[in-house]
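The values are calculated or read from the model by the stated rules, or taken from the named source; none is laboratory data. Computed from a predicted structure; not experimentally measured. All Cβ positions, even for glycine, are placed from backbone atoms using ideal geometry, and neighbour counts span all protein chains on display.
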Amino acid sequence: MKRRRFLQGAAAITVVAAGGTVWRAGDQGVFRAAQGSAYEPWHDWHKPGERSPLELVRAGILAANPHNTQPWVFHVEGNTVELYADCDRNLGSFDPYLREMHLGLGCALENILLAARANGYEPRLELAAGQLRPIEEQPQRQRVARITLTDNPAQDSPLHAAIPHRHTNRGPYEAQRALPDEVT
């Protein structure tokens with residue numbers, strides 16, 4: 001009898017724990033795709049009628065970046081947007097020369113330039129000088145670029161429209177289409 005009671009108690013505890021886990025996951029939005037505060041930048045990145053340099057920063061933060069480190073800091077003042085590398089957000093020994101970090105910064109910069117033209121600005125880009133070197137022990141923020149904005153007619157672009165649709169997809173790429181013979 002003791003064994004049967006033990007198994008019944010263990011089963012009851014398992015059911016309660018599993019139910020609590022499912023309830024908590026639902027409460028935290030695990031089952032809601034692309035919703036919640038973490039996804040607000042994708043929904044609020046472009047506000048029609050709002051024309052400000054901050055609109056460009058919203059596009060910049062949606063850029064592809066290594067392992068979602070988001071290695072950037074933006075400084076907006078008047079008609080100028082500055083992009084800084086936040087070297088504290090590096091991949092360590094996986095990216096000892098900060099190459100991956102700078103690729104992500106380039107993606108953010110491209111998004112800003114696309115958004116500038118779509119929002120009626122002509123961007124003038126000034127890149128900061130730099131060199132390839134190992135990560136410092138006490139890394140400091142480094143200015144990567146300064147974008148100065150002047151008024152210009154808006155130039156819409158399919159690449160600008162694609163900014164919020166970028167995402168990681170580890171599934172098969174166009175699985176319904178066969179690879180050409182020269183690739184296989």
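If I filter the stretch 165-183 for residues that are free of Cβ contacts under 8 Å to residues at least 60 places away in the same chain, surrounded by 11 or more Cβ atoms within 10 Å (Cβ to Cβ) and under 23 Å from residue 67 (Cβ atoms), do I get at least one hit?
no
Of all residues in the stretch 144-184 being among the polar types (S, T, N, Q) and modelled with pLDDT of 80 or more, which is farthest from residue 44 (Cα to Cα)?
Restricting to residues being among the polar types (S, T, N, Q) and modelled with pLDDT of 80 or more, the top hit is 176.
Regarding residue 56, is this residue closer than 19 Å to residue 121 by Cα and part of a helix (DSSP H, G or I)?
Yes; evaluated as a whole, the condition is true for this residue.
Using the structure shown, decide if residue 96 is in the same structural domain as residue 66 (by TED's automatic domain parsing), farther than 23 Å from residue 48 by Cα and either surrounded by 10 or more Cβ atoms within 10 Å (Cβ to Cβ) or charged (D, E, K, R) (or both).
yes
Residue-by-condition table, conditions (1) surrounded by 10 or more Cβ atoms within 10 Å (Cβ to Cβ); (2) part of a loop (DSSP other than H, G, I, E, B); (3) at pLDDT 75 or above:
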residue	(1), (2), (3)
11	yes, no, yes
23	yes, no, yes
26	yes, no, yes
30	yes, yes, no
33	no, yes, no
42	yes, no, no
51	yes, yes, yes
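Scan the stretch 84-94 and give yes if some residue there is more than 18 Å from the chain's Cα centre (by Cα) and among the aromatic types (Phe, Trp, Tyr), otherwise no.
yes
Of all the residues that make up the stretch 103-125, how many are outside any helix (DSSP H, G or I) and among the basic types (Lys, Arg)?
1
Might you check whether a residue that is of a type in the set (Gly, Ala, Ser) and without any contact (Cβ under 8 Å) to a residue 12 or more places away in the chain occurs anywhere in the stretch 114-137?
yes
Kindly indicate whether any position in the stretch 75-92 is assigned to a helix (DSSP H, G or I), touching a helix residue (DSSP H, G or I) at 6+ places or on another chain (Cβ under 6 Å) and in contact (Cβ under 8 Å) with a residue 12 or more places away in the chain.
no
For the stretch 128-156, which positions are assigned to a strand (DSSP E or B) and loosely packed, with under 13 Cβ neighbours inside 10 Å?
150, 151
Would you mind telling me which numbered condition in (1) modelled with pLDDT of 90 or more; (2) loosely packed, with under 11 Cβ neighbours inside 10 Å residue 56 fails?
Single failed check for residue 56: (2).
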